[in-house]
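What follows is a set of notes on a single structure, which appears directly below.
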Amino acid sequence: MEEDKHPKVIIPKEMDWIIFPAPYINWDHLLSGFSDFPSVSSDIKMIADLREKFELTVRQEEPMLVPPAEETEKGFYFLTNLDQNIAVIVQTIYCFKSEEKGNEMAAEVIKEALALVLVRYYPLAGRLTISNEGKLIVDCTGEGAVFVESEADCKMEDVGDITKPDPDTLGKLVYSVPGAKNILEMPLLVAQV
């Protein structure tokens, strides 16, 4: 069995929420609140130290719009009550490694696939707006999804365990629309590859 190169930090179940303050963690402030709990404080300090040892640099190309590959329906797409009540942008990271191919053409392949997918899932090529009744709806404009090609100065293996929250590092792997002040100013789908 291969030994894990990454140290394990075990935090009691009732303390799990400590690891997930979003979107950014002020480690000094977080540690100061645990001075009476040395074991938890030292575990959190270890996480902070590990985070500081790795600095990810990501170079992003100019963002572009990828429209659906074919003409799509226009009009409004009405959201469910659940979507109305929980209107948040969710940032996720997906990692795939091909055994047969390298990643030289990954961005082009994903961009073409995105255009094809947007034909079937056309609301994602639209924009959020507010209806006359004051509800959040999707205006199916067919504008497209934002696509950003990027390149990191390391391999994904070097980033470490991406299931562990580290906004400073992982935040560089997702594209944030500059200047967007609210959800209405953000596209429904953004892909950084």
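Criterion first (closer than 24 Å to P68 by Cα, at pLDDT below 95 and aromatic (F, W, Y)) does Y121 satisfy it?
Working: closer than 24 Å to P68 by Cα: yes; at pLDDT below 95: no; aromatic (F, W, Y): yes.
So Y121 fails the test.
Only one entry of K111, K172, K164 meets the criterion of being more than 20 Å from Q60 (Cα to Cα) and of a type in the set (D, E, K, R), and that entry is K164. For beta carbons closer than 7 Å, sequence separation of 6+ or different chains, a first residue in region 58-83 that is assigned by TED's automatic domain parsing to the domain that holds L118 and small (G, A, S) and a second that is assigned to a strand (DSSP E or B) and surrounded by 15 or more Cβ atoms within 10 Å (Cβ to Cβ), the qualifying pairs are G75/C140. Of the residues making up region 141-184, those that are of a type in the set (D, E), in a helix (DSSP H, G or I) and either surrounded by 17 or more Cβ atoms within 10 Å (Cβ to Cβ) or out of contact with any strand residue (DSSP E or B) (no Cβ under 9 Å at 6 or more places or on another chain) (or both) are E157, D168. In the set (1) surrounded by 12 or more Cβ atoms within 10 Å (Cβ to Cβ); (2) under 22 Å from E151 (Cβ atoms); (3) at pLDDT below 90, the condition left unmet by P21 is number (2).
The values are calculated or read from the model by the stated rules, or taken from the named source; none is laboratory data. Worth saying up front: this structure is predicted, and the values here are computed from it rather than measured. Glycine gets a Cβ as well: all are built from the backbone with ideal geometry, and neighbour counts include every protein chain shown.
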